[in-house]
Amino acid sequence: MAPRKPMSTKEITDLITKLKSETPDYPADLLAARKAAFLKQAVNISISTKGGPQGSSGGSGTAVGGGATSQGILLQALIGISVVAAMLLAAYAYRNQNPDTSQGNEVVAQENSSQPEELSSPLAPEFVVVETDSLLPSIIDPSTTATVTPGGFVDDSDPSKPSVAAAEAEKTKTNSGLHLGQTPGTPAAPGQGNPGNVNKPDKPDKPEKPKKEK
Amino acid sequence: MTDESALIKAAASLDSDALATIFDEYAPAIYKYLLRLGAGSQEADQITGDVFARVLEKFSEGKGPRKNLRSYLFQTAYHLIVDDSRDRQRSTILDVADTVKQDLKPVQSVTEEKILLEKLAGIMERELTEEQRNVIVLRFQEDFSLKETAEIIGKNVNAVKALQNRGINRLREAMSREDGGE
């Protein structure tokens, strides 16, 4: 059998065209299912675009959305301004009522100041009990005077010496700049440490520890 | 042409009747085109659905084709199958040949032309590059013009001509080689 002649371009293209008819068709069930899914998807997209601010009517929808946004900003600004105005009015009214409230505070302060003696705190004012000779029993020497502080401190000293309370009162009058409850320290000698704070006493030198013998 | 423009305009506004008309007209052709490019039946069905879903997406964004809808659909299908074949490493390369073999009539009625067609389908799958096969399918099986084919595959007309000529020459050589080998 003699070999066939080489095919021409026309023969090849004709064969390719005939091959077209050999391709199977789209199965009907698959085609129907695809079409149903496609149309359902179209309906969903149509609903979402028409219901939202974007889509086929996106021009007007976007414009409406933008207007609503600017209106919202204006509304928020108005609410903020009204809140600030209400706060200012409340502050003004409170300022008018302030004298009444300050009087009430004074009353409260007076009530509080009437009971300092009941406090046992060291910050409470100190009082002095001086026992006279008539009240002392005969066992106790009448020449001695007992000074009792609320903290239980008893100072047996010369009656000519001013009491601790009086000394504290004098220090308060001089206003040394100390805080309440802060005790003045010994000022440091010139040339010694801590020159910046004269009220703070220098730490005492630590005793040297004896070296351990090995 | 005016009818197509009106149809596209109605479909772009997501009109259900227009979309159904477009699907009925082009979905079977897209499916066959995908089979001819080497897709399996399931893959062709899936990609056909993806093609129309993408068109819907474009229409909903106010984009999509304004004319020549058929070229647009085939172009979308081509891009999708190229992406898909890259992912699958061309695992279904012989499906078309197998499909053609399955669809041929029983042996009793097989003619010489049927044998030639079967041989040609196998050679197209084995010998041609992806671009050559695509150009030949679009030009001689889908009846697209050179310009339309160039638009679909994203090349110029001269490149399409070159791909077409090289593909046909390779087919002719392969057919002659196989005939001589018999």
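The values are calculated or read from the model by the stated rules, or taken from the named source; none is laboratory data. The model shown is predicted, which means the values in this text are computed figures rather than measured ones. For neighbour counting, all protein chains shown are included, and Cβ atoms are generated from backbone atoms with ideal geometry for every residue, glycine included.
Points to keep in mind about this one:
- Residue-level check: of (1) within 12 Å of chain B (Cβ to nearest Cβ); (2) touching a Gly at 6+ places or on another chain (Cβ under 9 Å); (3) modelled with pLDDT under 85, A:Met7 misses just (2).
- Residue among B:Gln89, B:Gln108 that alone is surrounded by fewer than 21 Cβ atoms within 10 Å (Cβ to Cβ), on the phi > 0 side of the Ramachandran plot and modelled with pLDDT under 90: B:Gln89
- Residues of the range B:37-60 that are touching a residue at least 40 places away in the same chain (Cβ under 8 Å), farther than 14 Å from A:Phe38 by Cα and of a type in the set (A, V, I, L, M): B:Leu37, B:Ala39.
- The range A:17-51 - residue that is within 30 Å of B:Arg139 (Cα to Cα) and charged (D, E, K, R) and, of those, surrounded by the fewest Cβ atoms within 10 Å (Cβ to Cβ): A:Asp29
- One residue stands out in the range B:1-35 among those that are among the polar types (S, T, N, Q) and more than 9 Å from chain A (Cβ to nearest Cβ): the one that is farthest from B:Leu56 (Cα to Cα), namely B:Thr2.
- Output for the range B:124-168, where each listed residue is more than 8 Å from every other protein chain (Cβ to nearest Cβ), within 21 Å of A:Lys10 (Cβ to Cβ) and free of Cβ contacts under 8 Å to residues at least 24 places away in the same chain: B:Asp143, B:Ser145, B:Leu146, B:Thr149, B:Lys161, B:Ala162, B:Asn165
- A count restricted to the range B:131-182 and to residues that are within 15 Å of the chain's Cα centre (by Cα), closer than 16 Å to B:Arg36 by Cβ and part of a helix (DSSP H, G or I) stands at 15.
- Qualifying residue in the range B:46-69 (condition: of a type in the set (Ser, Thr, Tyr), more than 18 Å from A:Pro27 (Cβ to Cβ) and buried (at least 17 other Cβ atoms within 10 Å of the Cβ)): yes
- Exclusive hit being at pLDDT 90 or above and more than 9 Å from every other protein chain (Cβ to nearest Cβ), set A:Ala36, A:Ala68: A:Ala36
- Filter result (small (Gly, Ala, Ser) and in a helix (DSSP H, G or I)) within the range A:6-53: A:Ser21, A:Ala28, A:Ala32, A:Ala33, A:Ala36, A:Ala37, A:Ala42, A:Ser46, A:Ser48, A:Gly51
- Residues located in the range B:44-70, provided they are farther than 23 Å from B:Phe144 by Cα and either more than 8 Å from chain A (Cβ to nearest Cβ) or part of a helix (DSSP H, G or I) (or both): B:Gln46, B:Ala53, B:Leu56, B:Glu57, B:Lys58, B:Phe59, B:Ser60, B:Glu61, B:Lys63
- Only a single criterion out of (1) touching a residue at least 12 places away in the same chain (Cβ under 8 Å); (2) buried (at least 17 other Cβ atoms within 10 Å of the Cβ); (3) closer than 21 Å to A:Thr23 by Cα is not satisfied by B:Val82, namely (2).
- With respect to the conditions (1) more than 15 Å from B:Asn134 (Cα to Cα); (2) at pLDDT below 95, B:Tyr78 falls short on a single one, namely (1).
For every residue, the table says whether it meets (1) over 17 Å from A:Arg34 (Cα atoms); (2) more than 11 Å from the chain's Cα centre (by Cα); (3) in a loop (DSSP other than H, G, I, E, B).
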position: B:Asp3; (1), (2), (3): yes, yes, no
position: B:Ala10; (1), (2), (3): yes, yes, no
position: B:Asp17; (1), (2), (3): no, yes, no
position: B:Asp24; (1), (2), (3): no, yes, no
position: B:Ile30; (1), (2), (3): no, no, no
position: B:Leu35; (1), (2), (3): no, no, no
